[in-house]
Structure formats: C-alpha cells, structure tokens
Amino acid sequence: MERVNALKAAMQEEPAAGRKTLSAITSWNGGAHSTTIVRNFAIPADEPVALGGTERGASPTELVLTGGLSACIAIGIAYSAAEDGIEVDSIEIDVAGDLDLGGFLEIGEARPGLEEIRLTVRVDADAPREKIEELVDHGYRRSPVAASLEGRVPVRVCIGWEETGGAGRVQR
C-alpha cells in the first residue's frame, strides 16, 4: 500500500499523475486463436472446439469475466480493507455470465455480449459482517472494469492499414 498511497498523494497535488493510457497488441494466430501482449505478459485467447477453437486459451469473454472483472474487484476489496486497517486472510470470487451465442453468430434478435453477470464474493477477514459487505460494495464501486462493463465507456473503433508508401486510418 505504500506505493498506492504515494500515488494517491501525488494525485492530490497533481491529478494528471493518475492518468494513464493502457495499451496492448493482439496478433491473430489462425482460427479463433490469438495472443495479446500486455506489458511483458503474453495472454492467449481461443474459443472452445464447439465454436471452431482449439482450446489454447480462455475465450475473450471468459477473460473479461475472470481476468478482468473478478480480479479487479478482488484488488478493490483488498485495497479497501488495507485502507481501513482490516487484515484479510482470503478473497474468493465466483463469477458467471449468461451469453446468448445468437448475437455473435447473427442469428435472431440477440445482441452480442453477456446478458447478465453474477458474482459471489467470499471474504475471510477479522471484521463484522456489515464491514465485509461494505468492503465488497466499495471494491465493486471502485473497479474500473465494473464501471466499463456498466456501459459508461464509449468504444471508438478505427480501421488501420499499411500500404506501400504509407498508412491510413479510417474512423467508424
């Protein structure tokens, strides 16, 4: 928490200190398999065999739920507990999301994406039930991933290409 508190103090002096651009690059490996490089980490993604994949990684939707949402909320709970001086022994989050593949496969009226996400959070800490509920609520409310999934972040898609003699961008 020392580094987090130092960043928090710096941001109170200069709010721009907390603004970051997160970036990654994804390369398609054929079929439904791709690899994304984030900082120094390679993250494989693939689809189940039933969707034409080869099971070489979690599906992109599974990565959003598990690697994104539940991990971010767990961090938020842990930071909230540390700020309140509560020692946490463990945090476990079960996550499930309902997906209608009709949207992805353009069948019927379903929209692509998850219809609902359910989280079951278990926190083992030396704190009363009300405080644990407060920590979970605070961990969720401070999660950038949860806020993004709730539809508050616009997504801009640009089409880029490289040709001999230059590159261009078209915004959709």
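Build a GNM of the chain with springs between Cα atoms under 10 Å apart, and of D89, D46, D137 the one that fluctuates most is D89.
Computed 3J(HN,Hα) for the range 121-126, one whole-Hz value per residue from the Karplus formula 6.51 cos²θ - 1.76 cosθ + 1.60 where θ = phi - 60°, is 10, 10, 10, 9, 8, 7, glycine and proline marked x.
Backbone phi angles across the range 24-30, fed through the Karplus curve with coefficients 6.51, -1.76 and 1.60 (θ = phi - 60°), yield HN-Hα couplings of 7, 9, 10, 10, 6, 9, x Hz in residue order; Gly and Pro are listed as x.
Comparing G103, G30, G18 in a Gaussian network model of the chain, where Cα atoms under 10 Å apart are tied by springs, the biggest mean-square fluctuation is seen for G18.
Rounded if a/c is under 1.5, else prolate if a/b is larger than b/c, else oblate: which is the range 82-134, with a ≥ b ≥ c the root eigenvalues of its Cα gyration tensor? Verdict is prolate for the range 82-134.
Within the range 83-122, the GluC sites (Glu not before Pro) that combine a DSSP coil assignment with at most 12 other C-beta atoms in a 10 angstrom radius are E87, E106, E109. Positive end of the dipole of the chain, charges at C-beta (+1 Lys, Arg; -1 Asp, Glu), about the Cα centre: which of L101, T54, I43 has its Cα farthest in that direction? It is I43. Averaged over its residues, the chain has an accessible area of 74 Å² per residue, based on protein heavy atoms and a 1.4 Å probe. Candidates [x] 10.4; [y] 14.4; [z] 8.8; which is the computed mean projected area of the Cα convex hull in nm²? Among [x] 10.4; [y] 14.4; [z] 8.8, the one derived from this structure is [y].
With contacts taken as Cα pairs under 8 Å and at least 6 residues apart, the chain reaches a relative contact order of 14 percent. Using a Gaussian network model of the chain in which every pair of alpha carbons under 10 angstrom is joined by a spring, one finds that among R118, R56, R19 the greatest mean-square fluctuation is at R19. Amide H contacts of T54: A32, E47, each under 5 Å away and 5 or more positions distant or on a separate chain (H built 1.01 Å from N in the peptide plane; Pro and chain starts excluded).
In a reduced charge model with +1 at each Lys and Arg Cβ and -1 at each Asp and Glu Cβ, the chain shows a dipole moment near 840 debye about its Cα centre. A helix-only calculation puts the chain at -8000 deg cm²/dmol for mean residue ellipticity at 222 nm, using -39500 (n - 2.57) for each DSSP H run of at least four residues, averaged over all residues. Residues in the range 35-41 carry Karplus couplings, in order, of 10, 10, 9, 10, 6, 10, 10 Hz; the curve used is 6.51 cos²θ - 1.76 cosθ + 1.60 with θ = phi - 60°, and Gly or Pro positions show x.
Judged by the gyration tensor of its Cα atoms, with axes a ≥ b ≥ c, the range 17-56 is prolate; a/c meets the 1.5 cut and a/b is the larger of a/b and b/c.
The values are calculated or read from the model by the stated rules, or taken from the named source; none is laboratory data. If you're wondering where the values come from, they're calculated on a predicted model, not measured in any experiment. Ideal geometry is used to build each Cβ from the backbone, glycine not excepted, and the neighbour counts take in all protein chains shown. Heavy atoms of the whole protein, side chains included, go into the accessibility calculation; ligands, DNA and RNA do not. Shrake-Rupley method; radii C 1.70, N 1.55, O 1.52, S 1.80 Å.
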